[in-house]
Amino acid sequence: MSLQPGDALTSHNFGLQIDGVMVEYLAEVSGLSLEQDVIEYQQVSSQGRAVTKKLPGVKKAGTCTVVRGMTQSAAFNQWISESVAGNMGSARKNATILVMDYQDNPVKRYNMRNAWCSKVDTSTVKAGEAAALTETVTITFEELVIE
């Protein structure tokens, strides 16, 4: 059984697919947004009054940030390497953020078209520290389609 009317999704049940392959060990996804320009124009009505109208303009490309445990995920590491090397023919992939219900059924999809890795930050390594190492990866995409 899926969500009942009035039930909200939980923030801890999500996933990331890159070209259909699930990325394991995600800690966080943030900054995912859809934006487009707003065209504003003014004209005068037949009664001589100024009227301001707004129309949707061009959709903008975007970015999102993924924090993951530093693991040996071959597919994800290869994607990062191709992106950093500038091999855009193979680096541009379709990626999807999946939001799932409490039974792990996908309920909402954020499809990022022509996505690639534009930045990688690693967590601090420190002698005597007892913390997991993470990578923060910035994903740049050309189009976001929400399903």
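Table: residues versus (1) over 30 Å from D7 (Cβ atoms); (2) of a type outside the set (G, A, S).
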residue	(1), (2)
S45	yes, no
N77	yes, yes
D101	no, yes
V120	yes, yes
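Scanning segment 105-136 for residues that are touching a strand residue (DSSP E or B) at 6+ places or on another chain (Cβ under 9 Å) and at positive phi yields a count of 1.
If you go through segment 39-73 and pick out every residue that is over 30 Å from L16 (Cβ atoms) and not small (G, A, S), you end up with 13.
Name the one entry in N87, N114 that is at pLDDT 95 or above and polar (S, T, N, Q).
Numbers: N87 fails: at pLDDT 95 or above.
One residue alone meets the criteria, N114.
In this structure, A85 does not qualify as touching a residue at least 60 places away in the same chain (Cβ under 8 Å) and either closer than 30 Å to A8 by Cβ or among the hydrophobic types (A, V, I, L, M, F, W, C) (or both).
Confirm whether A27 is surrounded by 13 or more Cβ atoms within 10 Å (Cβ to Cβ) and modelled with pLDDT under 95. Break it down into steps so the answer makes sense when it comes.
Details: surrounded by 13 or more Cβ atoms within 10 Å (Cβ to Cβ): no; modelled with pLDDT under 95: yes.
So A27 does not fit the description; no.
Taking strands (runs of 3 or more DSSP E) that do not extend beyond segment 47-118, which have at least 1 residues that are within 13 Å of the chain's Cα centre (by Cα) and surrounded by 13 or more Cβ atoms within 10 Å (Cβ to Cβ)? Explain how you work it out, then say what you get.
On the way: elements: 50-59, 62-69, 93-100.
In segment 47-118, 62-69, 93-100 are the strands (runs of 3 or more DSSP E) which contain 1 or more residues that are within 13 Å of the chain's Cα centre (by Cα) and surrounded by 13 or more Cβ atoms within 10 Å (Cβ to Cβ).
The set of residues in segment 121-144 that are aliphatic (A, V, I, L, M), touching a residue at least 12 places away in the same chain (Cβ under 8 Å) and loosely packed, with under 14 Cβ neighbours inside 10 Å comprises A132, L133.
The values are calculated or read from the model by the stated rules, or taken from the named source; none is laboratory data. Just so we're clear, the structure is a prediction, and the values are computed from it rather than from any experiment. Note that we place each Cβ from the backbone using ideal geometry, even for glycine, and neighbour counts take in every protein chain shown.
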